[in-house]
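The values are calculated or read from the model by the stated rules, or taken from the named source; none is laboratory data. Being a predicted model, the structure only gives us computed values, none of them experimental. Cβ placement follows ideal geometry from the backbone for every residue including glycine, while neighbour counts extend to all protein chains displayed. All accessible areas refer to the heavy atoms of the entire protein, side chains included, with ligands and DNA or RNA removed. Shrake-Rupley method; radii C 1.70, N 1.55, O 1.52, S 1.80 Å.
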Amino acid sequence: MTWSQKTDERAQAIIARYPDPRSATMPLLYLAMHEDGHLTEDGMREVAARVGLTPAQVQSVASFYTMYKRDRTGRYLVSVCTSISCMLLGADDVLAAVSEETGVADGDTDEDGLFSVEHAECIGACGGAPAVQVNYELVEGVTPEQGKALCAWLREARPEVVLGDEMQELFGGQRSFEWGPSETAGAVGPFPAFEPYGTAKEGR
Amino acid sequence: MTDRILTTRMDAHPADSNVLARYEATGGYAALRTALASKTPEEIAAEVKASNIRGRGGANFPAGVKWGFLPPETRPRYLVVNGDESEPGTFKDRQLLERDPHQLVEGIALSAYALDVRQAFVYIRGEYPRPARRLQRAIDEAYEAGYLGTGILGSGFDLDITVHLGGGAYICGEETALLNSLEGRRGEPRIKPPFPAVEGLYAKPTIVNNVETLSNVPFMINQGGAAYDAIGPEGARGTRLFSLSGHVRNPGNKEIVMGMTWRDLIYGLGGGIPEDRAIKAWIPGGASAPWLLPEHLDEPVTIDDVGRLKTMLGSGAVVVMDETTCVVKAAHRIVRFFAHESCGQCTPCREGGSWLERMLARIESGDGRMMDLDLLLDVSDNISPGLTWPPKMTTICPLGPSATAPVTSIMWHFRNEVEAHITGGGCPL
């Protein structure tokens, strides 16, 4: 398997932004996840060939960071923050509710590949605790009931693009701060949605 | 007197404070125009030095002094902006990136001009795609308008800015780990010296500054470094964004002049504790900071006053815990974080952190042993000898010692409650 021409062009554009191609390793790992849904050995080989490293070196880098998922990952990665501020406001109950609704334990993926559930360390939403991310798009002020409703909605609506504003509107509460104008770009898989990496898409 | 610098635009113009047109209409990029038309790089650097701003990332080191460590001759130099904001309790840089990204872009451009830098990088934590998108759009707008790129505003000054997303590793907020990560390596901190100003990105002289620090630079050029230095008490100049969370009625980022009391911050701006419950303790500067207690409520919120209480303002993250909080659970949760985020290079941190975590877990669940009490402090002492403040280190970076902060906080101030978990077979609350 090799990358499509479009992905390859994107990779070259990213590499050109750095004085040393090796610096493009992390962005290209997200491209690889975009290609395959999670980070595969093939994907790491594709990255290695473009940044001038061996596949082993790329794996060494990828394995350091929690966001490079080297196991099969659901279309919707639900990350429940359980660090100190979210814990104080009931995050453990949110995580339990999300696991119950999806039938997926913390750290697991379901058989259909629809959901992965994980507890996350602090995601910088402490003023809107407890906070949840779906494919790294944020929802703040989530109760256990709303956490369940969020997962049920994901299962029913199957949004192609996960939009933070939409989820916040439907399932969120207290925010860390006013978010300002709404965002039309969102996530298409379990990796951060960022236009220069080609991993974001315009939603509804 | 000015009491807010960073958040005025976003409060006045919530619908479009992130957009170039609004930024320009509210005085944006005037400082960059002035600088490029009529000031030398040395003059810009002198204003930042005169401001006496201390870095807002957590270490509180004077930014102007840091700039002075660059060797005069070596080129290229790099400017790296630390937007890896990951200290539990901290969410201020996220707001600055989402709500006023041009303020940061102008701060970067001014700083790059002052430092003779042609290429800057903004390292944003991977869990912040929305802030990253907002910043990237601002950068795109700035290129379009001629505030970035080649021959900026008709001058001979060129600058490129690249936004780089992290991969979910707290340790990359440590500046040398960040540089390794930006080079496409594991985010392991480097042994210092050499400091980044001498050998940083690609072993070239590099300045690493926090998002909030650089967002203040346009003000310093518009109003003068002396005007910034006139705000707040000595050693704590300027305004500062505090991230308030936990058991408070009005959580959020509060931009304040330092020097108010903790009572003013927690009960005034924070609105006090829900249902008027009693306060038990609070974390004054992120999960790495030892806790403060009700007896400290009337102490002033400044960098040095908090240092005298043997803790720190760190990243400005204040986490309030009320009387219903189980301190063992809270400490365990924080230690779990550090154990998970240890990069693994140094044995005291890698082994000690997870050992502390396991001990706290069993005490919390009621399976602790009385000998665990001494063992908790003994293991902590092996990570940070003497358990002094500021901490002594047996490790390359301060992450290991940070894991001991919640342990000493509960062992020194809440020992009875910890013991009760052991004697009573679980939480007494």
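The figures follow:
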quantity	calculated
Part-to-part distance (alpha-carbon centres) for segment B:352-419 and segment B:128-175, which is given in Å	40
Solvent-accessible area buried by pairing A with B, both sides, nearest 100 square angstrom, 1.4 angstrom probe	5000
Most fluctuating residue given options B:Leu375, B:Leu96, B:Leu214, as computed from a GNM of chain B linking Cα atoms under 10 Å	B:Leu375
Projected area averaged over orientations for chain B, convex hull of C-alpha atoms, nm²	19.7
Exercise: per-residue mean of other protein chain Cβ atoms within 10 Å, B:86-97	5
Dimensionless Rg ratio for segment B:239-322, taking C-alpha atoms and the 2.2 N^0.38 Å reference	0.94
For chain A, calculated [θ]222 nm from helices alone, where every DSSP H run of n ≥ 4 adds -39500 (n - 2.57)	-11500 deg cm²/dmol
Candidate lysines for bridging to A:Lys69, where Cα separation is under 23 Å - those fewer than 8 sequence places away on the same chain excluded	A:Lys6, A:Lys201
Part-to-part distance (alpha-carbon centres) for segment B:4-31 and segment A:66-128, which is given in Å	36
Calculated log₁₀ intensity ratio I(q)/I(0) where the Debye formula runs over C-alpha points of segment B:11-143, q = 0.12, 0.14, 0.20 Å⁻¹	-0.51, -0.70, -1.37
Accessible heavy-atom area order of A:Arg45, B:Arg336, highest first, probe of 1.4 Å	A:Arg45, B:Arg336
With DNA, RNA and ligands ignored, accessible area of B:Lys66 (1.4 Å probe; Å², nearest 10)	50
Loop sites in segment B:11-117: chymotrypsin sites (Phe, Trp or Tyr not before Pro), DSSP, at most 12 other Cβ within 10 Å	B:Phe69
Accessible surface of the protein assembly as shown [probe 1.4 Å, protein heavy atoms]: carbon and sulfur percent	49
Enclosed volume per residue, in Å³, of the convex hull spanned by Cα atoms of chain A	124
Per residue solvent-accessible surface (Å²) - segment B:169-297, probe of 1.4 Å	29
Solvent-accessible area of B:Thr74 with every protein chain in place, 1.4 Å probe, in Å² to the nearest 10	60
Gain in span if fully extended, B:His340 to B:Leu429, counting 0.36 nm per residue against the direct Cα distance	29.3 nm
Selection from A:Ala125, A:Ser182, A:His34, by position along the positive dipole direction of chain A (Cβ)	A:His34
Between helix B:41-51 and chain B: long-axis angle, C-alpha atoms, 0 to 90°, nearest 10	40
Distance histogram for the protein assembly as shown (every C-alpha pair counted, 10 angstrom bins, percent rounded to whole numbers)	3, 17, 28, 29, 18, 5, 1, 0
Partner chain coverage, peptide B:283-294 - average Cβ within 10 angstrom	1
Translational diffusion coefficient (Stokes-Einstein; Kirkwood radius from C-alpha pairs) of segment B:327-423 at 37 °C, 0.692 mPa s, in µm²/s	254
For A:His38, solvent-accessible area (1.4 Å; no DNA, RNA or ligand), Å²	40
Calculated from backbone phi, Karplus (6.51, -1.76, 1.60) coupling profile of segment B:240-256 in Hz, x at Gly/Pro	8, 8, 9, 8, 9, 8, x, 7, 10, 5, 10, x, x, 8, 10, 8, 10
Too-long pairs where the Cα-Cα distance tops 31 Å, listed order kept, from B:Lys66/B:Lys92; B:Lys92/B:Lys192; B:Lys254/B:Lys280; B:Lys39/B:Lys254; B:Lys192/B:Lys310	B:Lys39/B:Lys254
Added length on full extension, which subtracts the Cα-Cα distance from 0.36 nm per residue, B:Glu234 to B:Lys204	7.4 nm
Angle between chain B longest axis and helix B:371-383 axis [Cα atoms, degrees, rounded to 10]	30
Accessible-area order (highest first, 1.4 angstrom probe) of the listed residues B:Arg56, B:Arg186	B:Arg186, B:Arg56
Cα convex hull of segment A:5-64 - mean projected area over all directions, nm²	3.6
Considering only chain B, percent of DSSP beta bridges that pair antiparallel, nearest 5	40
DSSP beta bridges in the protein assembly as shown [antiparallel fraction, %, rounded to 5]	50
Residue mean of other protein chain beta carbons inside 10 Å, B:247-256	3
Largest-first ordering by accessible area, 1.4 Å probe, given options B:Lys280, B:Lys39, B:Lys310	B:Lys310, B:Lys39, B:Lys280
